[in-house]
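The values are calculated or read from the model by the stated rules, or taken from the named source; none is laboratory data. Just so you know, these numbers come straight off a predicted model, no measurement behind them. Heads up, the Cβs are rebuilt from the backbone with ideal geometry, glycines too, and the neighbour counts pull from every protein chain shown. The protein model used for the area step is the full one, side chains on, heavy atoms only, and it has no ligands, DNA or RNA in it. Shrake-Rupley method; radii C 1.70, N 1.55, O 1.52, S 1.80 Å.
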Amino acid sequence: MQQIFLFLIKNSYRMLFLLLMGIAITLTIQSHSYHKSKVISSANFVSGGVYSQMNRVSDYFSLQTQNEELAKENARLKSLLFNQKDTAKIVLNDSIKGVKKTDLIISKVIKNSYSNQENILTINSGSNQGVKPYMGVINSLGIVGIIDQTSSNYATVVSILNTSSKITAKLKKNNHFGTLTWNGKNTGYVQLYDLPRLATVRKGDTIVTYGENTIFPENINIGTVDKVYIDNETTSFTIQVKLFNDMTSLGHVYVINNKDADELRNLEKQSKKEKHE
């Protein structure tokens, strides 16, 4: 306490000067509209900058919530697309309350492998969330892979960057199709084999899913034609496809739950069994 009194006594003249200067500035501002407007403008500038920075911090911490909301909205819209044959006539109603043949299960990639020959992803959804083997996995840009194994709350996904992955894909413009796989080299490209030589194909053409099975609906984006190779020993093209997806950076994904899948698979198994009898 004694030190405080000593400090005040020692600096009394300076403090008196600052007090009188403050009173003088206040009286000047109050009595002159120009000075008053300048001070208000400066105060607004400072407070605006502070609030702006605070808002940025707040927005940063709310990004996860916003991303989850966007993922839910994307899932709703994609579900409408997959269940509508004529996408030009889509009615944006609340599909979550209704029962649809194709639903989307929102998930997130928690482990991403892309540097091996047979890459496997891990997502944070499993059997408790309705995920089963052989379900397709996509994101907003295109296909990601196919569910392999599941536990209660997690699942592994055979990535399209897996040399054992085989998916039927087609040229969007004319429906000629082939087998999509990966040669194990570049993470940005996959290969489409056995595309008929009758097909008209050019660089930049879009490659999409064929949709002949229960895994992927038709016309989900995959990538664009980058190079066309002609094998003189066969009657088909080999296409190098540049992926829309950056498979080295994956976040939210959607697992495609086709509610007719089990029925269709059982029917196919029964047909095969009868043929062999």
Out of everything in the stretch 179-209 that is out of contact with any Gly (no Cβ under 9 Å at 6 or more places or on another chain) and hydroxyl-bearing (Ser, Thr, Tyr), what residue ends up being surrounded by the fewest Cβ atoms within 10 Å (Cβ to Cβ)? THR200
Checked the stretch 252-277 for anything touching a Lys or Arg at 6+ places or on another chain (Cβ under 9 Å) and either modelled with pLDDT under 85 or over 24 Å from ILE207 (Cα atoms) (or both); matches are ASN258, LYS259, ASP260, ALA261, ASP262
Residues of the stretch 148-178 that turn out to be open to solvent by 10 Å² or more (accessible area, probe 1.4 Å) and either in contact (Cβ under 8 Å) with a residue 60 or more places away in the chain or among the aromatic types (Phe, Trp, Tyr) (or both), as a count: 2
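Say we look at the stretch 227-241 and pick out the residues that are open to solvent by 30 Å² or more (accessible area, probe 1.4 Å) and part of a strand (DSSP E or B); which of these is modelled with the highest pLDDT?
Filtering first and then ranking leaves GLN240.
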Of the residues in the stretch 152-177 that are of a type in the set (S, T, N, Q) and within 23 Å of the chain's Cα centre (by Cα), the one that is nearest to VAL225 (Cα to Cα) is THR168
Contact list, first residue from the stretch 192-206 and without any contact (Cβ under 8 Å) to a residue 40 or more places away in the chain and closer than 13 Å to VAL241 by Cβ, second anywhere and open to solvent by 30 Å² or more (accessible area, probe 1.4 Å) and of a type in the set (Ser, Thr, Tyr), beta-carbon distance below 6 Å, six or more apart or interchain, is GLY204/THR224; THR206/THR224
